[in-house]
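Worksheet for the structure shown next.
The values are calculated or read from the model by the stated rules, or taken from the named source; none is laboratory data. Worth saying up front: this structure is predicted, and the values here are computed from it rather than measured. With ideal geometry, Cβ positions are generated from the backbone for all residues, glycine too; neighbour counts draw on all protein chains shown. In case anyone asks, the SASA skips ligands and DNA or RNA and just uses the protein heavy atoms, side chains included. Shrake-Rupley method; radii C 1.70, N 1.55, O 1.52, S 1.80 Å.
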Amino acid sequence: VNRTDLSSAFGLQYDTTFKLADAYVSVLIARFTEFEEAPVVPFVFMIHDRKTTETYDTFFRKCVDYFPQLVKADNAYIMTDGEEAFSFAIEKYFPKMKMYRDWGHILK
């Protein structure tokens, strides 16, 4: 992830996508733009019962455990819907990561 020879940045996207029965599903995905097909690959899923700051804090803390190289990566960015709880957790655990709002929510 923190390679300097990549032709482009390493892009992530995070969102709590839908409610499944009595639970929410959150997902962190990656787009590998260095490949011609630019495949999208799911990194981390979480099924949870509430959308709270503590929930998102736990999610991103676990992401650090799974992918510690993302903490120092200079070539990574993340897109979210701009929800405050996501933003706080991302800034806390990935302080170097550039954060952008996704187009779908900007246009709304």
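Remind me, what semi-axes does the chain give for its equivalent ellipsoid, largest first in whole Å, using sqrt of 5 times each Cα gyration tensor eigenvalue?
23, 16, 13
With every protein chain kept in place and ligands, DNA and RNA left out, what is the accessible area per residue of region 10-101? Probe 1.4 Å, answer in Å².
58 Å²
Probe radius 1.4 Å, ligands and nucleic acids left out: which of LEU20, LEU28 has the largest accessible area, and how do the rest follow?
LEU20, LEU28
Order the peptides 77-85, 33-41, 47-55, 93-101 from the highest to the lowest mean number of other Cβ atoms within 10 Å of their residues.
77-85, 93-101, 47-55, 33-41
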